[in-house]
Each structure stands twice: as C-alpha cells, then as structure tokens.
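Heads up, the thing below is written out as structure tokens.
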Amino acid sequence: MQVLGIETSCDETAVAIYCSKDGLKADALFSQVELHSIYGGVVPELASRDHIKRLLPLIKKVINEAGITAHAIDGIAYTKGPGLIGALLTGAALAKSLAFAWNIPSLGIHHLEGHLLAPMLADNKPHFPFVALLVSGGHTMLIRVDDIGKYQMLGETLDDAAGEAFDKTAKLLGLGYPGGPQIANAALNGVKGRFSFPRPLLNRPDLDCSFSGLKTHVLTIWQQCKTQNIVDHQTKCDIALEFQNAVVDVLVGKCQKALHQTGLNTLVIAGGVSANDVLRSKLKQILGDNVFYPHLKFCTDNGAMIAYAGCQRLLAGQIEDNAIKALARWNLGELKAI
Ligand code: KG4
Ligand code: ZN
C-alpha cells in the first residue's frame, strides 16, 4: 500500500509517500520559520495561508521523486489534530478533496501518534512495548506504548512544554526563533558554573514535570544581568547552557523513573526536542542500545511520520467518511487500537 501523508498542524508544510513494501519513498517540507521569525512565534492565520500556497507543489514534488503517478497512491493520511485549527483544516480539506477525486480512502492521524511512531522509519526500530518521551513545542509527556493505538499516559508537564520553555527562553535572551536549536547552539559556547538552576519536580516520585519555573528563573537572572549591565553574548551562552542542562536533567531523570516504574527497558524519544544533542547523548550514555530516536529530520514535524502512521491504520482497514474535520485538541487516549 502506498500512502500520501500530509502534515500541516503548525508551521511546517510537510508531505511524504510511504510504501508498506518499500518504506519511505519521498518526503518534502517547507518550513515557515522565516515567515514567523519577526513575530517571535507562529502567527496562526499566516501559517494557514502559507500551507494553502505550498501544499499542492509539494505533493507534486513527492509524487515525482517517488517515481510514481497519482494513480499509484492507495490512501491519504493527514494530521487531524491537535494543532492550530486553521492550519489543520488546510491539510484536512486538501486530503479529503484528493481522496474524493482519486476515489481512495483517507484517514485523519493524531499528530503525536505520528511523532511516537517516527522512530519506526529508521533502520533500527524499537519493539513494543516501550516507554516514549514525547517532547515537542506543544507537549511533554511520558507514555507507555504497548502497540499502535495502545497508549497509556504516565506523566506530563503541569505547565509549559519543554520545547515551549526553550522557545520562550530564547526569545527572552534575544536568541531568535525557534528557540531549541538557538539555545543548543549558544550552550555550546557556555561556561559551566556561572549560574545555578533548579531541577523542578525531579525528586518527586511521580512522572509529571514543570518547566515554567525555569523560564521564570531565566527572566530573573536576565533582569539582574541587565541592572549590572552584563548582557553580552557570553552571558547569554552561559545562561543557555545551564537552562539546557536543567531541562535535560529533569527529562532524563523522569525517563529513568518511567522505565523503572513500568519495568520496561526500551525508551523512545520523539518530538522536536528529541533533536537536542545533549538530551540524546545523555540518554545514550545511560541506556545504550535501549534508547531509540527518529532520524534527526523526523524529530520535528514532518510528513513521513503521518504517512507511516496512516499506512499502518489504513492497512488495518480504518477509514473515515468525506467530512472535513480537524481537532485543535485531541486526547491520545481516545485513539483506536489497530
Ligand atoms: O515537534 P515539533 O517540530 O513541533 C511541535 O509539535 O511542537 O517541535 C518543535 C519544538 C520547538 O519548541 C523547538 O524549539 C524544539 O522543538 N526544538 C529543540 C531542538 N530542535 C527543535 N529543542 C531543543 N533542542 C533542539 N535541538
Ligand atoms: Zn510536532
């Protein structure tokens, strides 16, 4: 089965073709980062308008790159939610229209299921069951994954998502958007020990976490630096380093606890923050071959993860009617198992 995947939940227009026999055949992405960067965050209406402009050319591109014609596509998977409602609707409307025109089935996919299953696109795939740490701009959660669609929430952030904390901290320090890569880059030049950061909720036995306090901590330090007139680039790098270390320590500690509490030994990390080198290498150090990540380009939003998840569900016979629907909020626990 060959599935066209469409992802438009936020600020990346991404499409891909996944084949159940040959694997990923083509993927393409247009990032709107530049469009939103002057605003320091995603402007929903601009995102929707740009998705409309980019989708069809990108779909034509992946069909060409896959060396197929539209007739060879057996099904369409699109991100149904959660995400920005206008942005989601652009993908849903196009998916439903193409499915109607081509007389093939279509299916809405949960964005986080896409992220969770993205490591399945790698050569070295994890086996079920595993614990997944989903860390993106909108979510930070630990989930027990027994199979596709069998998800049990173990813990989540009580306030900001980890990626959101990276983004807000970078904005505060004037490091640009999106914040994760900017903080990670600045941290490379940071000197350890100049600032000290707490490790929120790390010592609590549960698996919830909290990141808004770290962001406030940065604000307090930055204001002190301003009054002392030390707002040079090195100071930003030193703050970035300690902030990143604090986030990574909390995430790593909670992952270890989740593995211990579930008795499982496989960990999957996915979502934009799983691109973070320090997080990856710390987990690798501790868990060795028992930790699995998506390929770097499939950590952040992409069409391949939606095409893959859609392919598994379509193969299992799951389809939808032609109504165009999207869900700004959608609980992962509501998904059907396959
Ligand atoms: O999964 P994603 O592309 O979109 C959402 O579904 O949210 O994740 C985007 C988030 C942003 O907050 C971005 O700052 C963060 O992932 N991110 C990183 C890194 N690369 C992206 N955070 C830390 N380190 C990185 N290298
Ligand atoms: Zn995402």
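The values are calculated or read from the model by the stated rules, or taken from the named source; none is laboratory data. All of these numbers come straight from a predicted model, not from anything done at the bench. No Cβ is skipped: glycine too gets one built from the backbone with ideal geometry, and neighbour counts run over all protein chains shown. Note: accessible area is taken over every heavy atom of the protein model, side chains too, but ligands, DNA and RNA are not part of it. Shrake-Rupley method; radii C 1.70, N 1.55, O 1.52, S 1.80 Å.
Hydrophobic (A, V, I, L, M, F, W, C) and under 20 Å from the mean Cα position of the chain (by Cα): is that true of V33 in this structure?
Here the answer is yes, as V33 does meet what is asked.
Which of the residues that make up segment 152-181 are touching a helix residue (DSSP H, G or I) at 6+ places or on another chain (Cβ under 8 Å), part of a helix (DSSP H, G or I) and either more than 8 Å from ligand 1 (Cβ to nearest atom) or of a type in the set (D, E) (or both)? Correct list: A165, D167, K168, T169, K171, L172.
Scan segment 244-258 and give yes if some residue there is assigned to a helix (DSSP H, G or I) and at pLDDT below 95, otherwise no. No, segment 244-258 contains no residue that is assigned to a helix (DSSP H, G or I) and at pLDDT below 95. D206: charged (D, E, K, R) and either within 15 Å of ligand 1 (Cβ to nearest atom) or within 14 Å of G40 (Cα to Cα) (or both), yes or no? It is false that D206 is charged (D, E, K, R) and either within 15 Å of ligand 1 (Cβ to nearest atom) or within 14 Å of G40 (Cα to Cα) (or both).
Of all residues in segment 38-56, those that are farther than 18 Å from A170 by Cα have Cβ atoms under 7 Å from Cβ atoms of residues that are modelled with pLDDT under 95 and among the aliphatic types (A, V, I, L, M), 6 or more apart or on another chain, in L46/L35; D50/L35.
Hey, can you tell me all the residues within segment 64-93 that are assigned to a helix (DSSP H, G or I) and crowded, with 22+ Cβ neighbours inside 10 Å?
Residues of segment 64-93 assigned to a helix (DSSP H, G or I): 64-66, 70-72, 85-93.
Result: A87, L88, T90, G91, A92.
Taking the numbered list (1) assigned to a helix (DSSP H, G or I); (2) touching a residue at least 40 places away in the same chain (Cβ under 8 Å); (3) open to solvent by 10 Å² or more (accessible area, probe 1.4 Å); (4) within 13 Å of ligand 1 (Cβ to nearest atom) in turn, K236 passes all entries but (4).
For first residues located in segment 250-277 and of a type in the set (G, A, S), partners that are in a helix (DSSP H, G or I) and lie 6+ apart or on another chain with Cβ distances below 6 Å form the pairs A270/H115; A270/L116; A270/A118; G271/H115; G272/G163; A275/L296. Scanning segment 284-308 for residues that are open to solvent by 10 Å² or more (accessible area, probe 1.4 Å), at negative phi and part of a helix (DSSP H, G or I) yields K284, Q285, I286, L287, D289, N290, L296, K297, F298, Y308.
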